[in-house]
Amino acid sequence: CADIAMYRAKQSGKNKLCFYEQKFQDEFNQNFVIQTALRSLKFSNYFTLVYQPIYELATQSISGFEALIRWPKDQGAHYSPDIFIPVAEQVGMIDKIGTWVIHTAIKQLSTWHKTLDSSFNMSINISPIQLINSNLLEILKNESDKYGIAPNRIILEITETALVKNAKKVNSTLKALSDAGFLIALDDFGTGFSSISHLIEYPINIVKLDKSMQDHHNIQSKKYKILKGLGKMLNELDFTVVAEGIEEAQQLEVCKGLPIDRVQGYYFSIPLPATDIETFFESV
Ligand code: C2E
Ligand code: MG
Ligand code: MG
Ligand code: MG
């Protein structure tokens, strides 16, 4: 669609203007709808979390789950977090939402420690803004104390965007979180701002290789060679390496030949409501 628009734009300056105005208007309308809805929400009535299992590659047993936020629309559809999280960040609501996510995910983990397996960990996505603004450490300490969860069972997933802006403040927050025992995962590694120096400068325990890196077609491809090289390097540096976005058996086979510790993706399971996870465990 964008390509067609670019083509048209080259053909006629007038069309170009129309396209961008329309796009701007659409985005504005959508943001406005989301913003208004966000402001009026009583969170627990609207948001839910789904949980995607993460597997130990060697044993293919579940090491834990990634909590992913869902905002149901109508008829089973939902707004994608890729769309509403940025709006929540812009309008200053991400701290509140993030705190709700932390509370809900840790509470869920404490239940599963009692009913399923006490070694599970929970991965929670943290917005860059939470690392700058809020008393994140205090919130995490309170919730983990309250539910009797050891900090090293909680993995905070951050992206490199967080490391680029406000680097000083972010680094001191991450150091404090790390000193308190929480684990830090660098999410979506291999896209965007990926930089080796981030791996050295920040207290990172886990690196998640972005799903776009699974998009290789054969072991001669450059993408495969990058995946292999990165896997080796990260392993050598003692990071726990997670491959995201495993959709096919063949991608899993490739991972088995690499120093990758954990795997996650639709091949194993889509993100599921808590009750479905429990049903799954009852059935095995
Ligand atoms: P992410 O943290 O990188 O999460 C992985 C995304 O990939 C999730 O999309 C997940 O559903 C999807 N996924 C999992 N396995 C596969 C696979 O095999 N193939 C493909 N194509 N996709 C797969 P989702 O749930 O739509 O979340 C999108 C992004 O929104 C997340 O990316 C994360 O950056 C953000 N997000 C989600 N929940 C939260 C939250 O509670 N707080 C914050 N701050 N951000 C969140
Ligand atoms: Mg994540
Ligand atoms: Mg990711
Ligand atoms: Mg992502």
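The values are calculated or read from the model by the stated rules, or taken from the named source; none is laboratory data. Every value quoted in this text rests on a predicted model; they were computed, and no experiment measured them. For neighbour counting, all protein chains shown are included, and Cβ atoms are generated from backbone atoms with ideal geometry for every residue, glycine included. The accessibility values were calculated without ligands, DNA or RNA, using every heavy atom of the protein model including side chains. Shrake-Rupley method; radii C 1.70, N 1.55, O 1.52, S 1.80 Å.
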Compactness ratio of the range 205-284: Cα Rg over 2.2 N^0.38 Å, N = residue count? 1.22
Helical contribution to [θ] at 222 nm, DSSP H n ≥ 4, -39,500 (n - 2.57), averaged over the chain, rounded to 500: -16000 deg cm²/dmol
Put +1 on the Cβ of each Lys and Arg and -1 on the Cβ of each Asp and Glu in the chain; which of Gln60, Gly98, Ser283 then has its Cα farthest toward the positive end of the dipole? Gly98
Where the Cα atoms of the range 59-209 are projected onto their three principal axes, how long is each span, largest first, in whole Å? 41, 39, 33
Determine how many Å³ per residue the convex hull of the Cα atoms of the chain encloses. 166 Å³
Residue span Glu278 to Lys169: 0.36 nm per residue of separation minus Cα-Cα distance leaves a gain in nm of 35.3 nm
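Ser221 to Thr36: extension gain in nm, 0.36 nm per residue of separation minus the Cα-Cα distance?
Values: separation 185, 0.36 × 185 = 66.60 nm, distance 4.65 nm.
Net length gain for the segment: 61.9 nm.
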With a 1.4 Å probe and every protein chain left in place, tell me how much accessible area Asp187 has, in Å² to the nearest 10. 10 Å²
Carbon/sulfur accessible area of the chain, % of total, 1.4 Å probe, equals 53 percent
Rounded to the nearest 5, the percent of DSSP beta bridges in the chain running antiparallel is 35 percent
Accessible area per residue, Å², the chain with all protein chains present, probe 1.4 Å: 53 Å²
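Which values, in whole Å and largest first, are the semi-axes of the equivalent ellipsoid of the range 121-259 obtained as the square root of 5 times each eigenvalue of the Cα gyration tensor? Intermediate results must be reported in sequence, preceding the final value.
On the way: eigenvalues 171, 54, 30 Å².
Rounded to whole Å, the semi-axes are 29, 16, 12.
When only the heavy atoms of the protein chains count and the probe is 1.4 Å, how do Val242, Val91 rank by accessible area, highest first? Write out the running numbers ahead of the final one.
Values: Val242 5, Val91 30 Å².
So the residues, ranked largest to smallest area, are Val91, Val242.
Tally Lys/Arg at +1 and Asp/Glu at -1 over every other residue whose Cβ is under 11 Å from the Cβ of Ser119; what's the total?
Net charge in that neighbourhood comes out at -1.
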Counting only the backbone N, which residues of the range 81-100 are under 18 Å from the spot 7 Å out from the Cα of Ile132 toward its beta-carbon? 85-99
What figure, in Å² to the nearest 10, do you get for the accessible area of Lys223 with a 1.4 Å probe and non-protein molecules left out? 90 Å²
Over the C-alpha atoms of the range 43-124, what are the Rg and the largest Cα-to-Cα span, Dmax, in Å? 14.4, 44
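Of all GluC sites (Glu not before Pro) in the range 229-284, which ones are in loop regions per DSSP and have a Cβ with at most 15 other Cβ atoms within 10 Å? Let's see the in-between values first.
Working: sites: Glu236, Glu244, Glu247, Glu248, Glu253, Glu278, Glu282; in loops: Glu244, Glu247, Glu248.
When the GluC sites (Glu not before Pro) of the range 229-284 are filtered for loop state and at most 15 Cβ neighbours within 10 Å, Glu247, Glu248 remain.
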Per DSSP, the loop-located chymotrypsin sites (Phe, Trp or Tyr not before Pro) within the range 207-284 having at most 15 other beta carbons within 10 Å are Tyr266
Just to confirm the filter: which chymotrypsin sites (Phe, Trp or Tyr not before Pro) across the range 94-178 are DSSP coil and have at most 15 other Cβ within 10 angstrom of their Cβ? Tyr147
Have a look at Leu109, Ser197, Met122 and report the one farthest towards the positive end of the charge dipole of the chain, computed about the Cα centre with Cβ charges (Lys/Arg +1, Asp/Glu -1). Ser197
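Per the Cauchy relation, a quarter of the hull surface: what is the mean projected area of the convex hull of the alpha carbons in the range 142-206, in nm²?
Details: hull surface 17.7 nm².
Result: 4.4 nm².
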Using a simple spin-label model with points 7 Å from Cα along the Cα→Cβ vector, what separation in nm is obtained for Ser195 and Ala176? 2.3 nm
For the range 121-163, what Kirkwood radius comes out of the mean inverse Cα-Cα distance, in Å? 11.0 Å
